1. Return the distance in nm (one decimal) between the two label points of a simple spin-label model at residue 595 and residue 145, each offset 7 Å from Cα along Cα→Cβ.
2. If you build the convex hull over the alpha carbons only and average its shadow over all orientations, what do you get for the range 30-144? Give it in nm² to one decimal.
3. Taking every pair of alpha-carbon atoms in the range 624-826, give the share separated by more than 31 Å as a whole percent.
4. Can you list which of the trypsin sites (Lys or Arg not before Pro) found in the range 692-783 are DSSP loop residues with at most 12 other C-beta atoms within 10 Å?
5. Return the FRET efficiency for the residue pair residue 224, residue 349: r is the Cβ-Cβ distance, R0 is 60 Å, and the value is rounded to the nearest 0.05.
6. Using 0.36 nm times the number of residues separating residue 57 and residue 183, minus their current alpha carbon distance, what extension gain do you get?
7. Please give me, ordered by residue number, the trypsin sites (Lys or Arg not before Pro) of the range 484-592 that lie in loop per DSSP and have at most 10 other Cβ atoms within 10 Å.
8. I'd like the FRET efficiency for residue 154 and residue 174, computed as 1/(1 + (r/R0)^6) with the beta carbon distance as r and R0 of 30 Å, rounded to 0.05.
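Rule-based calculations on the coordinates, nothing more; no lab input. Because the structure is predicted, anything quoted here is derived from the model rather than measured. Heads up, the Cβs are rebuilt from the backbone with ideal geometry, glycines too, and the neighbour counts pull from every protein chain shown.
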Amino acid sequence: MFKNMTLLGTLIEHSDGLPLLETNMKNMHKDHNQDASLTLLASKYNVLFPGIYMPMTLENASIIRLVKKVYETGGIIGIVAQKKEDVEATSAQDIFTIGTTARILKLINLPDERVRILLQGEEKFQIEDVIAETPYLLASISRLKDKTSNTQSKHFKAVVSSIKETVAKLISLQPEFPTEIKLLLDNINDFNLLTYFLASGLDTDIKSKQKLLEIHDSKKRGTVLLKYLLKDLEVSKLRKKIQDKVHTDIEQLQHDFYIRRQIKVLQEELGENEFEDEIDELRAEGEKKQWPKEVADYFYKALDKAERLSPNSADYPVLISHAELMLELPWSVYTTDNMDLKMAKKVLDTEHYGLEKVKERLLEYLAVRKLTQNMKGPILCLYGPPGVGKTSLGKSIAKALNRKYVKVSLGGLHDEAEIRGHRKTYVGAMPGRIIKGIQNSGSSNPVFMLDELDKITDLRGDPAAALLEVLDPEQNQAFVDTFLEVPYDLSKVLFIATANQLDTIPPALRDRLEIIEINGYTIEEKLQIAKKYLFPKQRKENGLKATDLSIHDTAIVKVIESYTRESGVRELDRKLASLVRKVGKAMVLEEPYPKKIHKEDVISLLGIELFDQEMYQQTHLPGVAIGLAWTPVGGDILFIEAILSAGKGKLTLSGQLGDVMKESAMTAFTYLKANTNLLGIPDKVFESYDLHIHLPAGAVPKDGPSAGITLFAALASLYTQRKVKDKVAMTGEITLRGKVLPVGGIKEKILAAKRAGIKEVILSKENKKDIQEIKQKDIQDLKFHYVEFVEEVIQLALQPSKVEAAKDWSITKKRKQQPGIGHVSTL
Ligand SMILES: Nc1ncnc2c1ncn2[C@@H]1O[C@H](COP(=O)(O)OP(=O)(O)OP(=O)(O)O)[C@@H](O)[C@H]1O
């Protein structure tokens, strides 16, 4: 936010509290005349505002002479900002025409002949005429007075409170910032002074500051200032986000270590031998702990060792931080579980919409725990696409159970030591994430979320094996962190993992988990989540009340369909936040805004639509079939195009297909060639034509076996010249025996089919159970065909007769290209 820290520092230093500031403002107009002549000083880097202090360093000898004279006589000088930083302003063109008169409060001669002065702004003035430009600028001026707005008006109050709120937020994002600033702000009663004070510290260019100086109406100035502050806030939030990301534990540890070391060196220099005191203090703390004997012995032994060491040795701080960790860790500190399942259900229901299956499974799990009085059991793993509430559900479980909650993200974890801790001999050694998590939770039985279990990699050591040890009820009673060195009992911890994918979880680890799948949401479900949870939450977080703003269902659906593409609701949450913020801003700035957001308002508030849903398009050509795809952001329909051209039987595949999909295409093709009698295809066509299969959206990589039957249908259609029936889509793996196998991601795929306007879906018999799990009302206008063999696919998917301009295979050699074959791209 504030660029010029010295400026503010100076303000605090010299104000001695507030009276000085206020007095100076009151006396401002007392002793000067209108249209006086004034010596001007150009300010390169900042604008001086009335009532505000500003330091300035001077280099030019003649200017220094002048300034010294003014200082000695107690006179005033005019400060005018320069239009450009990089020039030495010597003429009237280089400076703005409105400036501020100032007193020189302090003048310090620097060793290199430069002079540093402290100015205090008094009154604004306008340059009427430049009388001289050398040896320094002299001008006739007229003084300007600010117009103070009606401080009782609603708008004025809204501007003042918004400014204060924004500044408070800015300060909270910058911990290094002196908290006195907030105190000072709360005590500045003069609104002009408040705006000038904030304007002078703004992290913005000189032109914007000058603009604020030139606004004489205080309400208007406040409004413009608020705009700048809000911009600053956005930047600060972004900066904080980035800083948080890069601020690793190691840095923190090294920082703590450094500080401690500094204190010690200082104490040593002062001749104080505080180290023994430090160790004694730790010992005394240890006496208060109720820990296992083995742990206590270890603790005191380590302190004895530390005592024998020189405090300057490298091992000393490691031993001390280790002892501190032991003291901070909760040893057998248990919270009492809430075993009232009704109440647990209520918590889960109030915090999450839908997810019945998941909630039911969680309650069963808790019921078993209650009946067996034992927290050992399978480790739950919530599995599903991003943003479906896996992590937040974990939080609710902790709340429902009345346990502490801790989350550790395993994303990008690649070193065993991050789980198990570092050896003490290692520079920057620290405990692993599990022990750190326990330390942060302050309890020995928290709900411990292991987020993104599928994202661990094993670059160094075997993190998965270390996790196995953590999760295994047989072993985790005495988990040994390499840094902590003494066993810690993790057996009462309730571990819950989350994952977006299952295939990247190491098999041994996966074996330990009870997978609870959370599917993506339908549009209807998203609408309910947005209506009942996300929108009210965003409205509250942004300081608005239900009476200030509401949203129409159609507007929410518009946001879902045109501004998000996801299975979960995270992006939807962000977009709703953006809508609320925009309305909030308009309210404060007294611009027109909708009290109830309608569909049309969404476009004007969020800008152009970002996504079009892939829709069904009719084709008149054989060789085109529609598949269903699963992507991490939800389902989609997928066009498969096949085309023949005169040649020698070559097969080309394009559209960034992965290996598994390529193999599916080859399987489908081989099966077709081996079963030409099924479809009455003459064998010779395979030798006389090249086949090209393409999957549009050529730049998007595609993979997986589930396009098997769609590939087969496209080929069967092409070689029989029978078009695929309208509005039919399919998904299923194909084998060389012609069997249709079940595939995953059915819910997302079916919902995408419905969205795209598909009417019939063909899929494996074994996928029937997945369809039954979808709410019937969401799929009531879709017809499902369950098949076992590809022959059934032919019956169901292909038109009974050939297209009108069907290919006559007997004359292939004479004609290069046939109608109905060569134009699939014009779909
Ligand atoms: N059924 C629901 N009811 C209410 N809010 C929900 C629901 N599902 C998700 N949310 C909200 O959506 C947001 C994102 O959820 P969360 O971060 O838990 O997703 P996630 O599945 O853990 O994602 P990731 O896999 O990326 O970690 C949260 O604010 C959560 O409260």
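1. 4.1 nm
2. Details: hull surface 26.3 nm².
One quarter of the hull surface, i.e. the mean projection, equals 6.6 nm².
3. Within the range 624-826, distances greater than 31 Å cover 15 percent of Cα pairs.
4. On the way: sites: 702, 722, 723, 725, 727, 737, 739, 747, 749, 754, 755, 759, 765, 768, 769, 775, 777, 783; in loops: 722, 723, 725, 727, 737, 759, 775.
Passing both the DSSP loop test and the Cβ count: 737.
5. Efficiency computed from Cβ-Cβ geometry: 0.80.
6. Details: separation 126, 0.36 × 126 = 45.36 nm, distance 2.93 nm.
In short, 42.4 nm is gained.
7. Values: sites: 492, 510, 512, 526, 531, 532, 537, 539, 540, 545, 558, 565, 570, 574, 575, 581, 582, 585; in loops: 492, 545, 565.
Listed in order of number, the matching sites are 545.
8. On the way: r = 31 Å, r/R0 = 1.03.
The value I calculate is 0.45.
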